[in-house]
Amino acid sequence: MTTAATASAPKAGGRRWTRLLARWETLLVVALLGLIVLGNALSPFFLTADNFSNLVAALMEVAIMALPLTLIIILGEIDLSVESMAGHASAALGFMWAAGVPLQVGIPVVLVIGALGGLLNGTLVARGGLPSLVVTLGTLALFRGLALIILGPRGVSDFPPEFTAIGFGDVPGTVIPWPFVIFLGLALVLGIVLHRTWIGRHTYAIGRNAGTARYSGVRVTRLRIGLFMLSGAIAALAGVILTSRLSSARADAGQGMTITAVTVVLLGGANIFGGSGTIPGTVLAVLTVAVMQNALRLANVSVEVQSIALGLLLILSVVIPMFAQQARKALDRVRGRRHQAADATAG
Amino acid sequence: MAEAVAASRLAGARWLMAIGRQRELTLLAIMFVGGALVSMMAPQFLSVENFSQVATLASITAVVAVGEAIVIITRGIDLSVEAIIGLVAYSVARTLELQALDPVGAIAMGLAIGLILGMINGFIIAVLKVPAIVATLGTLSIFRGFDYVIAGPDQVPLAGLPPGFTDISRADVLGIPVFVLLTVAVVVVGSLFLRSTRFGRQVYAVGSNPEAAAILGIPSRLVIFVAYSLCGVLAGLAGIMWVMQFGTINGTAATGATLAIIAAVVVGGVNTLGGSGTLAGAAIGALFLGFIANALILVGLSQFWLQAIYGLVILIAIAGDQLIRRGVQRANTRSGSR
Amino acid sequence: MKLSSAGRWVAIVGTAAILFAACGSSTASPAASAAAPSAAAGGGMTVGYLPKDIVNQYFAAAKTGVDKAAKELGGTVTQVGPNEAKADLQIPFITDLTTQGVKAIIISADGKDEVAPALKEAMGKGIKVVGFDSSPAVGAYDVFVNQVDFSGVGVNLADWACELAPGCTGEIAILSAAATATNQNEWIELMKTTLKEDKYKGLKLVDTVYGDDDATKSTTQAQGLLTKYPNLKVIVAPTTVGILAAAQVVSQAKKSDSVKVSGLGFPNDMKPFVKDGTSPVFGLWSVPDLGYLSYVIADKLVKGEITGKEGETFTVKGLNGDKPYTIGKDSVVILGPAFRFDSTNVESFDF
């Protein structure tokens, strides 16, 4: 009895180590460090302070959209409409600014519009029982169409410098761009919500099995709608930041961002069928993709190759953990047999 | 009294059921009424010439929509079709320009490329078991990336194609454009394949209930693999039609086309949760969207409305389907309880 | 036990290795080939060439001129850029070129205000910025090379339409690029102003539609025009994508006798339509010359021969009939008038 206890203690410690190493986040850190080494080898400019600023600034709107999208994907749903909501927010903000509405009013209004768009998605999915993939494909077209109707071909670009400084400027005295600060702040808040509160627990529960969650008293419909509204509002925020960074509001803003946002979330270890995924994973994936894109650009690798690399990364991010899991299962099976054999000889 | 209300409700439900069953007819009816309204505002709408132009253009979408419908019936989705169209279109056009193959050979090559790309999707989804949306989102980037790599800024001009190749898109038999006949052929062959062969019925079985299909011993993975391969071939065919229609091809051909293709499938009444829908529905859905775009131009409504209207049509189609399905269920339970 | 934990390690390391291989393998070969030319050039200056997108043959044609000038003047050109013409995708390339410390950036702006902050930052670090084709905001470049005298194009477009419409009368329509395209909008405005003159009073502009420089959309729009206006005489498309789509549609509809197409197009694209009578007259400037002039100006800016101030003059051998160019208001240099292409000369151009 006592020997068994002492024997199991270091074993458990060892397990924890290997489990940490086998975690997806650990792999991402390794990959990230590897990419940084690679980037440094490819270009002498890679490890400069200015480059850090460029590197993160280019991806922040996508990164910000990816945070609530992580929760949606853990829930077992998807929101493809985020890029159009960002474009819609940009168009609406530009339209109001051109009509003389101050930004202090315009920005909150745009965020509310974002939440309302999310409400439409959420209601159709949660109350209507419709698949989120198709619903948000529909609103992907709808929100973009509304943006085009609102602003048409115009671009609005006479924003005040205080506003455009948010998107393009750095925190004074540092090389950290403001959007990166917003991203980290949001990541912190959503990370706490997801990993430390009942909202997070319920989100995972619905993602694993919505039926079971409902029977154990989780308000499935309400949470689903709430998260879609959050996604809409934050996508609108990303649209505001994009408007600020481009110092211009355009109806086509943000086009093509959804695919990168989804890639980032899945690369961060979230399961497309729901039930698993973490905010730290998404944050690490954002940095990995940002570093990869920047390193490839500095090495003058053409965008075609970058596009292929992103696609491969997306598929591998699903294939590798699956193989790792199968390998682990196989190992466990072997070990289990060995244990049984040991028990049998002991008996 | 209560009896009468229940009876009228039941009648309503039957009516709903009838609509649900006859999606193709419903769409044609909407097109007929809508067309009448549009032709009052723009008489040119009703010309034979206009009809054949719209139908020819919609045929390209319709052919891919048929492939996409097969995939969606198995409970999958293929977001990479636009990249397959683009890659095939450029490869075929470039091969013809270099005169490396004669037109027949180039067409065969285009179909083969489509098949291979579809098989790659099928392999990743059925064998590596990567979820369809992730797999095809990935191959969307990869296939398009390859297209850009081989094409670069190069553009194959119309003059580079063999004389007469692009005439096929304008040719007609007894007044019916060749592209439309081709689409009809694809729909008829595909529908016969799905309805009358064992394999075809397995496609529906896999989509409507994967667990049951597994218990029944249906080779689901093979069925899924074949579905994506077929979708690839049809996207390849659309790529060839793209060359015939537009003549001038560069690496960006068909960018963004997936939305309209999936919209056509959804509007055509294919259930996005798998297991039900017809190929004719998907093709008519494509025609429906084509006529909307045409009508907008002719009525003089700004094209900025097109995106929003596509979005609304998708949402109305799926929400309508759901209402009908619920109505039918309610009617069934009510008549069952009697 | 020991063996199995070692196995797990192998799995982890192996997985990481695959992930690296995925990124590493795709970077290795192109990176090597990209590094080669800059090493070969030795001491010459490096210039970043940043078109709106790298899949448009217009910018490939311009690049041939850029390359030619770089070869003559002993510099190196790095082409970077997105594969879609969008401002937010263009910005990272500007900041990266700044980080890499190129001497000059030659850019066609995807959005004049969008790229301005990044370009100003580059200028602040001593990088010379030459705009071409599509201008960045004033103040965000040292010199902008305008491809053509804009008001001249407006008159040209009206003249060609007048020439092609029988008796200079009848309905004409415009097929443009994106509704947001600044160049096209300016030409269309100038064309409309010209049309008000007495000479053109027989021409009636019935519609302006937008094909977004997309082959599919332009084709649909051109078909729509033919259907909607049965009496249409001329389609004017001031965009290389639009004119080609319109010519194809008209030619395919076998209406080349009654409907003519004109505007701005590549000679190589339009040769068959000059031959079959769909598009007997159209125009464009020499795109390679535009690239050539842009590089020469970048070179002169870096060497301090010019600063980009209004009123400065310089000559470029082989361009402008060897007469001097003068930098005009807002630091703009104009390449020259548009060429007119017709059956007499189109075969002698190759771009």
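Read-outs: derived from the displayed coordinates by stated rules, not from any lab. These numbers were taken from a predicted model, which means no experiment stands behind them. Because the Cβ atoms are built from the backbone with ideal geometry, glycine has one as well, and the counts that use them run over all protein chains shown.
Express in % the proportion of alpha carbon pairs of region B:32-149 at distances exceeding 25 Å.
41
Which aspartates and glutamates does C:Lys254 reach when only Cα atoms under 20 Å apart count, and residues fewer than 8 places away in its own chain are ignored?
Within the straight-line cut-off, C:Lys254 pairs with B:Glu49, B:Asp167, B:Asp172, C:Glu171, C:Asp269, C:Asp276.
Give me a comma-separated list of calculated 3J(HN,Hα) values for region A:103-116, in order, Karplus coefficients 6.51, -1.76, 1.60 applied at θ = phi - 60°, integers in Hz, x for any Gly or Pro.
Karplus-based 3J(HN,Hα) across region A:103-116 equals 5, 4, 8, x, 5, x, 4, 4, 5, 5, 4, x, 5, 5 Hz.
Order by neighbour count: A:Thr212, A:Thr139, fewest other Cβ atoms within 10 Å first, most last.
Details: A:Thr212 11, A:Thr139 30.
Exposure proxy ranking, most exposed first: A:Thr212, A:Thr139.
Taking the inverse of the average 1/r across all pairs of different Cα atoms in region A:201-325, what Kirkwood radius in Å do you get? Provide the component values of the computation, followed by the final result.
On the way: mean 1/r = 0.0593 Å⁻¹.
Answer for region A:201-325: a Kirkwood hydrodynamic radius of 16.9 Å.
Taking the square root of 5 times each eigenvalue of the Cα gyration tensor, what semi-axes in Å does the equivalent ellipsoid of region C:196-280 have, largest first? Kindly include the intermediate steps, with their values, before the conclusion.
Numbers: eigenvalues 71, 44, 36 Å².
Working from the Cα gyration tensor, I get semi-axes of 19, 15, 14 Å.
Please list, in chain and number order, the residues 5+ apart from C:Val332 or on another chain whose amide H is under 5 Å from its amide H, with Hs placed from the backbone.
C:Phe144
Computed over the Cα atoms of the protein assembly as shown, what is the convex hull's projected area averaged over all directions, in nm²? List each step's numbers first, then the result.
Values: hull surface 196.4 nm².
If you wrap the Cα atoms of the protein assembly as shown in a convex hull and average its projections, you get 49.1 nm².
Once you list every other residue whose beta carbon is under 10 Å from the beta carbon of B:Thr255, what net charge do they have if Lys and Arg are +1 and Asp and Glu are -1?
Surrounding charge for B:Thr255 is -3.
Using Cβ counts within 10 Å as a stand-in for footprinting exposure, how do B:Ser52, A:Ser84 rank, fewest first?
So the residues, fewest neighbours to most, are B:Ser52, A:Ser84.
Taking chain C as a Gaussian network, where each spring joins two C-alpha atoms under 10 Å apart, which residue of C:Val316, C:Val143, C:Val281 fluctuates the most?
Ranking C:Val316, C:Val143, C:Val281 by mean-square fluctuation puts C:Val316 first.
In what sequence do C:Asp213, B:Asp167, A:Asp79 fall when counting other Cβ within 10 Å, fewest first?
B:Asp167, C:Asp213, A:Asp79
Going by alpha carbons, how many degrees (0 to 90, nearest 10) lie between the helix axis of C:150-164 and the longest principal axis of chain C?
With rounding to tens, the tilt is 50 degrees.
Per the Kirkwood treatment, what hydrodynamic radius in Å, one decimal, follows for chain A from the mean inverse distance over all distinct Cα pairs?
So the Kirkwood estimate lands at 21.9 Å.
For the protein assembly as shown, what is the calculated [θ] at 222 nm in deg cm²/dmol (nearest 500), taking -39500 (n - 2.57) for each run of four or more DSSP H residues and dividing by its residue count?
Value at 222 nm, helices only: -22000 deg cm²/dmol.
For region B:239-278, compute Rh as the Kirkwood radius over C-alpha pairs and then the Stokes-Einstein diffusion coefficient at 4 °C and 1.567 mPa s; write the answer in µm²/s, rounded to an integer.
After rounding, the answer is 108 µm²/s.
Count neighbours as other Cβ atoms within 10 Å of each site's Cβ, and list the trypsin sites (Lys or Arg not before Pro) in region C:168-212 that are DSSP loop with at most 13 such neighbours.
When the trypsin sites (Lys or Arg not before Pro) of region C:168-212 are filtered for loop state and at most 13 Cβ neighbours within 10 Å, C:Lys196, C:Lys201 remain.
Connecting C-alpha atoms closer than 10 Å in a GNM of chain A, tell me which of A:Ile149, A:Ile225, A:Ile113 has the biggest fluctuation.
With Cα springs under 10 Å in chain A, the top fluctuation among A:Ile149, A:Ile225, A:Ile113 is at A:Ile149.
So what's the convex hull volume per residue for the Cα atoms of chain B, in Å³?
Looking at chain B, the number lands at 160 Å³ per residue.
Expressed as an acute angle from 0 to 90° and rounded to the nearest 10, what is the orientation of the C-alpha long axis of helix C:2-41 relative to the principal long axis of chain C?
50
If one takes the longest principal axis of the Cα atoms in chain C, at what angle in degrees, from 0 to 90 and to the nearest 10, does the Cα axis of helix C:240-252 lie?
50
Around C:Phe282, which amide H atoms from residues at least 5 apart in sequence, or from another chain, sit under 5 Å from its own amide H, with H modelled in the peptide plane?
For C:Phe282, the qualifying residues are C:Phe341.
Please list, ordered by chain and number, the residues whose modelled amide H lies under 5 Å from the amide H of C:Lys204; skip anything fewer than 5 residues away on the same chain.
Those qualifying (amide H under 5 Å, at least 5 residues apart or on another chain) are C:Gly170, C:Glu171, C:Ile172.
Tally Lys and Arg at +1 and Asp and Glu at -1 over the other residues with C-beta under 9 Å from the C-beta of B:Val178: what net charge comes out? Can you show the working numbers first?
Details: positive: B:Arg170; negative: B:Asp172.
Computed value for this residue: 0.
After finding the eigenvalues of the alpha carbon gyration tensor for region B:174-311, what semi-axes result from the square roots of 5 times each, listed largest first in whole Å?
Semi-axes (√(5λ), whole Å): 31, 18, 15.
Enter the Cα centre distance for the pair region C:238-312 and region B:137-155, rounded to the nearest angstrom.
Comparing the Cα centres of region C:238-312 and region B:137-155, I get a distance of 26 Å.
Hey, any idea what the orientation-averaged projected area of the convex hull of chain C's Cα atoms comes to, in nm²?
23.5
Given springs between every Cα pair under 10 Å in a Gaussian network model of chain A, which of A:Ala213, A:Ala99, A:Ala261 has the largest fluctuation?
Result for chain A, Cα springs under 10 Å: A:Ala99 fluctuates most.
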